[in-house]
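S.K.: There's a structure below that I have some questions on.
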Amino acid sequence: MDDDELIPISALQHYLYCPRQCALIHIERLWAESRETAEGRLLHERVDQPQVERRRGVRTVTAMPLLEPTLGLVGVADLVEFHATSQGEQAFPVEYKRGRPKAHRADEVQLCAQALCLESMLGDRVPAGALFYGKTRRRKDVIFDDALRELTRAVIAQTIAMLRTGRTPGAVYQARRCDACSLLDLCQPHWLEHGQGVTDWLRSQLEDQG
């Protein structure tokens, strides 16, 4: 893929949470801060600065750039640990999340996508990683088995296909998902008709005020 066709790894998590949210962020370039997103940003501050350290025999790299042009992915890993093995070093990606472990697999897909990038860049298989959740202050180990890898590749293909259309999916209100979304006021799922974009809604509001 050309560089301008690459999608950020974070788009996969957005897509699995809500395809419309993904389109609002990555097609319409809309964003809104909430208490939850602010807490997530603060949690990431300690790993947002690129640096390399060695602790207890483990080399750690923060804010590590990632790229997998064959799959069309680009991004940044919060933290990658390199553990010493008899064959050299074994990469172990760690993604920081604000909340708690979730019932769905969006966070695991995002982490697995990082592993696929690392495998392409390093030429070595990455068998596992971890998700660190701010609420529990604990890591959740994630094994990159065949099922998760297949799911991740499928989500990559679906996300790329949607973003290439340049169209935002219609709004469908689901209380549990929508009420927790920082883009709720911009998305307007209660009011927008199916298939109408946020840009159209904003234009209509300006026309009404004029």
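The values are calculated or read from the model by the stated rules, or taken from the named source; none is laboratory data. Small disclaimer: the values here were computed from a predicted structure and weren't measured. No Cβ is skipped: glycine too gets one built from the backbone with ideal geometry, and neighbour counts run over all protein chains shown.
S.K.: Within region 101-117, can you find the residues that are surrounded by fewer than 22 Cβ atoms within 10 Å (Cβ to Cβ) and in contact with a Pro (Cβ under 9 Å, 6 or more places away or on another chain)?
M.R.: If the condition is that a residue be surrounded by fewer than 22 Cβ atoms within 10 Å (Cβ to Cβ) and in contact with a Pro (Cβ under 9 Å, 6 or more places away or on another chain), then ASP107 is the only one that fits.
S.K.: So, in region 142-168, of the ones that are over 16 Å from the mean Cα position of the chain (by Cα) and either crowded, with 18+ Cβ neighbours inside 10 Å or of a type in the set (Gly, Ala, Ser) (or both), which residue ends up farthest from GLU119 (Cα to Cα)?
M.R.: In this case the residue turns out to be THR168.
S.K.: Also, quick follow-up: Which of the numbered conditions does GLN196 fail, given that it passes all the others? Conditions: (1) assigned to a loop (DSSP other than H, G, I, E, B); (2) modelled with pLDDT under 80; (3) loosely packed, with under 15 Cβ neighbours inside 10 Å.
M.R.: (3)
S.K.: Here is a follow-up. State all residues of region 19-38 that are in a loop (DSSP other than H, G, I, E, B), among the hydrophobic types (A, V, I, L, M, F, W, C) and either under 22 Å from ASP78 (Cβ atoms) or modelled with pLDDT under 90 (or both); if no residue qualifies, say none.
M.R.: Matches in region 19-38: LEU30, TRP31, ALA32.
S.K.: Consider GLN158 carefully, then state whether it is at pLDDT 95 or above, in contact with a Phe, Trp or Tyr (Cβ under 9 Å, 6 or more places away or on another chain) and farther than 24 Å from MET64 by Cα.
M.R.: yes
S.K.: Cβ-Cβ distance below 6 Å, separation of 6 or more or different chains: which pairs start in region 108-124 with a residue that is farther than 17 Å from THR62 by Cβ and end on one that is of a type in the set (Asp, Glu)?
M.R.: Qualifying pairs under 6 Å: LEU116/GLU68; SER120/GLU68.
S.K.: Within region 89-100, does at least one residue satisfy the condition of being outside any strand (DSSP E or B) and surrounded by 14 or more Cβ atoms within 10 Å (Cβ to Cβ)?
M.R.: yes
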